[in-house]
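The values are calculated or read from the model by the stated rules, or taken from the named source; none is laboratory data. Computed from a predicted model, the values in this text were never measured in an experiment. Here the Cβ is made from the backbone with ideal geometry for all residues, glycine too, and neighbour counts use every protein chain on show.
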Amino acid sequence: MQNPFEENTVPVRPTFLTILCVLTFLWNAYKFYGAIPNVFTPEKVAASKEQANEMMVDMMSKYLSDKELEQVEKSQEETDKLFSEKNLVTAGVVTLISAALLILGGIWMWGLQKKGFYVYIAGNVIGVLAPIIILGGTIGWSIGIASLISSALFTGLYAMHLKYFS
């Protein structure tokens with residue numbers, strides 16, 4: 001039985017830090033799970049994307065002029081090149097690595113270990129740079145910038161709790 005007059009020597013994790021860690025676990029588990037098909041069955045993912053593109057073009061053909069439809073088809077061809085099987089596998093592997101680092105960093109920050117913050121930053125850097133390098137173009141930069149915004153937000157929120165880490 002603990003003496004009520006002694007100070008609690010076990011560090012207490014703030015509630016907001018707990019919420020951040022749970023959000024990190026959930027989101028990155030989702031990313032990890034979502035990247036698995038890209039790595040192990042990229043041909044099915046590419047075929048599914050192609051089928052979705054065909055359905056979209058068919059649907060749009062009812063509402064667009066021939067010239068506009070031609071532009072949509074050209075855009076879809078460029079997108080298909082970006083999401084080739086090779087790019088899907090590469091992006092999938094990098095996403096698995098990034099998500100694993102983010103989860104590991106979250107676990108360590110859950111335990112109030114400062115090294116988790118630095119591992120978390122490494123996972124974010126990979127997650128931001130990978131789409132820019134692998135996909136390039138407007139799509140890669142768009143994904144990279146969106147990732148940068150969310151990464152910066154969460155990293156800043158975690159940095160506010162560095163005083164609790166040892």
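Worth a mention:
- Inside segment 45-55, residues that are surrounded by 12 or more Cβ atoms within 10 Å (Cβ to Cβ) and at pLDDT 80 or above make up a count of 5.
- The set of residues in segment 122-148 that are closer than 19 Å to Leu101 by Cβ and among the β-branched types (Val, Ile, Thr) comprises Val125, Ile126, Val128, Ile132, Ile133, Ile134, Ile143.
- In segment 31-70, the residues that are β-branched (Val, Ile, Thr) and without any contact (Cβ under 8 Å) to a residue 24 or more places away in the chain: Thr41, Val57
- Lys81 passes every criterion in (1) modelled with pLDDT under 85; (2) within 15 Å of Thr24 (Cβ to Cβ); (3) not acidic (Asp, Glu) apart from (2).
Condition check ((1) surrounded by fewer than 17 Cβ atoms within 10 Å (Cβ to Cβ); (2) of a type in the set (A, V, I, L, M); (3) assigned to a helix (DSSP H, G or I); (4) more than 15 Å from the chain's Cα centre (by Cα)) across all residues:
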residue: Val57; (1), (2), (3), (4): yes, yes, yes, yes
residue: Val94; (1), (2), (3), (4): no, yes, yes, no
residue: Ile97; (1), (2), (3), (4): no, yes, yes, no
residue: Leu102; (1), (2), (3), (4): no, yes, yes, no
residue: Phe117; (1), (2), (3), (4): no, no, yes, yes
residue: Ala122; (1), (2), (3), (4): yes, yes, yes, no
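- Unique match (being polar (S, T, N, Q) and within 20 Å of Leu153 (Cα to Cα)) among Thr95, Thr79, Thr90, Thr138: Thr95
- For segment 132-141, a residue qualifies if it is part of a helix (DSSP H, G or I) and at pLDDT below 90, and the qualifying residues are Ile134, Gly137, Thr138, Ile139, Gly140.
- Test: residue in segment 105-123 that is within 30 Å of Glu78 (Cβ to Cβ), at pLDDT 95 or above and not hydrophobic (A, V, I, L, M, F, W, C): yes
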